[in-house]
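Each remark here refers to the structure printed beneath this line.
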Amino acid sequence: MNEPANSSVRWFLIFWLFVLSAVAFLDRINISIAGSSIASEFGLSKVRLGWVFSAFLVGYALFQTLGGWLADRLGPRRVLTLGVLWWGLFTALTATVSNRLAGALVLFIAIRFLLGAGEAIIYPASNQFVARWIPSKERGVANGVIFAGVGVGAGVTPPLITFLLIHYGWRLSFWISAGIGLLVGVVWYAISRDTPEGHPRVSAAELASIQAGRTFGPATGVEQKELVSWTTILKSKEVWAITFSYFCYGYVAWIFLGWFYIYLKEVRRLDLKSSATHTSLLFLAMAACAPLGGVLSDQLAREYGERVGRCGVAVVALSFTSILLLLGSRAASAELASAVLAGGAGALYFSQSSFWSVTAEIAGASAGTVSGFMNMGAQLGGAVTVAVTPLIAGWFGWSASFYVAAGLAAAGAVAWLAVDPSAKLAPSQRETSS
């Protein structure tokens, strides 16, 4: 087969990472939509349902850094494939839990924890792929496309799961989610490679473009000598500032991902179908704003430098998120609240590419490890959200839950002021000289 004069393999694979991202959120959000049905069948209170939600996020958070570490050493192709197959299996196991089991709650918690552990590899491994395949000037839009999958997956999930739930019951919805995951995992393994140097469809022109814009050497084994030590990572104020900001980001994101559907249904008194529709619009705002934020971030970085393009976009977007959360929680009608809060979710995801672009830039060959550490912060924030939101709402009202999220969004914006995107992490001297 003749090699194409110029190829765009990297963008085809970025699109497939978008698909993986969407499926990952289908498999994690389905329980938020089916949560009321599961709680009714198993006699679970909202607090206990929150424990089930939190179990996923605890597993997801704890295995972030390990997932990134594995991707740095084994490559994103194998790690992502194994991860997708793993989370497809545990999504299917969720549907097998019987309401006749005395320990059903414990089993749900264990399954969701292990599902979270499997999904933990998706974004650290994707960021390792970006570091190997995507030139620095294109990383904003690449990450924006990948994270648009969050909005699409989360946006498609409410109407899909609601339809299946109404007509066939919640269990079938989990079987279908699992089947989709297994399929896309097999396709990813077939079409992807760990490096552009190893992909037969990458043209010489595309390879030259990738290599010219990559921030570390060819990822063919040499990168093992460019890995950053944990001492260097943990001493970096940039790593800690971004991780704290992503903790705040994760807290806010899981207000939307974990509780928004239930909020519309039980607080704003929308029916099942209307709740699903409004929730989908919110997630589609995320899907639209993630790539838009990436495009703007890349453009501003080229024209005014990384600090404006990456940090500036994050500061402004998170600040708008804070304002819109406050306004949306006080809106008089359910329709207006949904629209304003959808704007807040969109603003949140407008900042998304900044986090991943900067970690890929400063960490180089260790992008998986560093972004996994950062993403651990976000998932711990999410775990806190799903556990404490019903408590805050019960004690002080739902508006207070959104006020807390708004405060954390503002704190996340401030943290970006301490980040210098040019402060690259130096590889370990021991590994460099080996």
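Is it true that Val186 is modelled with pLDDT of 90 or more and touching an Asp or Glu at 6+ places or on another chain (Cβ under 7 Å)? Criteria not met by Val186. The residues on offer are Ala55, Ala95, Ala125, and the sole one that is surrounded by fewer than 20 Cβ atoms within 10 Å (Cβ to Cβ) and not charged (D, E, K, R) is Ala95. Before we move on, is Glu335 more than 24 Å from Val141 (Cβ to Cβ), open to solvent by 10 Å² or more (accessible area, probe 1.4 Å) and either of a type outside the set (S, T, N, Q) or not in a helix (DSSP H, G or I) (or both)? Considered against the rule, which asks whether it is more than 24 Å from Val141 (Cβ to Cβ), open to solvent by 10 Å² or more (accessible area, probe 1.4 Å) and either of a type outside the set (S, T, N, Q) or not in a helix (DSSP H, G or I) (or both), Glu335 comes out as yes. Could you please let me know if Arg100 is free of Cβ contacts under 8 Å to residues at least 24 places away in the same chain, more than 24 Å from Ala387 (Cα to Cα) and open to solvent by 10 Å² or more (accessible area, probe 1.4 Å)? The answer is yes for Arg100.
Can you find even one residue in segment 269-284 that is at pLDDT 90 or above and open to solvent by 20 Å² or more (accessible area, probe 1.4 Å)? No, segment 269-284 has no match at all.
Can you name every residue in segment 35-46 that is open to solvent by less than 60 Å² (accessible area, probe 1.4 Å), part of a helix (DSSP H, G or I) and touching a residue at least 12 places away in the same chain (Cβ under 8 Å)? Of everything in segment 35-46, those that are open to solvent by less than 60 Å² (accessible area, probe 1.4 Å), part of a helix (DSSP H, G or I) and touching a residue at least 12 places away in the same chain (Cβ under 8 Å) turn out to be Gly35, Ser36, Ser37, Ile38, Phe42. Of the listed requirements (1) basic (Lys, Arg); (2) touching a Pro at 6+ places or on another chain (Cβ under 6 Å); (3) closer than 30 Å to Pro124 by Cα, Arg28 misses just one: (2). Among the residues of segment 63-78, those identified as out of contact with any Phe, Trp or Tyr (no Cβ under 9 Å at 6 or more places or on another chain) and open to solvent by 10 Å² or more (accessible area, probe 1.4 Å) are Phe63, Leu66, Trp69, Leu70, Arg73, Leu74.
For segment 385-434, filtering for residues that are closer than 19 Å to Val340 by Cα, open to solvent by 50 Å² or more (accessible area, probe 1.4 Å) and at pLDDT below 85 leaves 1. Only one of the numbered conditions (1) among the hydrophobic types (A, V, I, L, M, F, W, C); (2) more than 18 Å from Leu57 (Cβ to Cβ); (3) in a helix (DSSP H, G or I); (4) touching a helix residue (DSSP H, G or I) at 6+ places or on another chain (Cβ under 8 Å) is not met by Leu101, and that is (3). The residue that is modelled with the lowest pLDDT, counting only those in segment 339-355 that are open to solvent by 10 Å² or more (accessible area, probe 1.4 Å) and over 25 Å from Ala418 (Cα atoms), is Ala339.
The values are calculated or read from the model by the stated rules, or taken from the named source; none is laboratory data. All values derive from a computational prediction rather than experimental measurement. Positions of Cβ are backbone-derived with ideal geometry, glycine not excepted, and every protein chain shown enters the neighbour counts. With ligands, DNA and RNA removed, areas are computed over all heavy atoms of the protein, side chains included. Shrake-Rupley method; radii C 1.70, N 1.55, O 1.52, S 1.80 Å.
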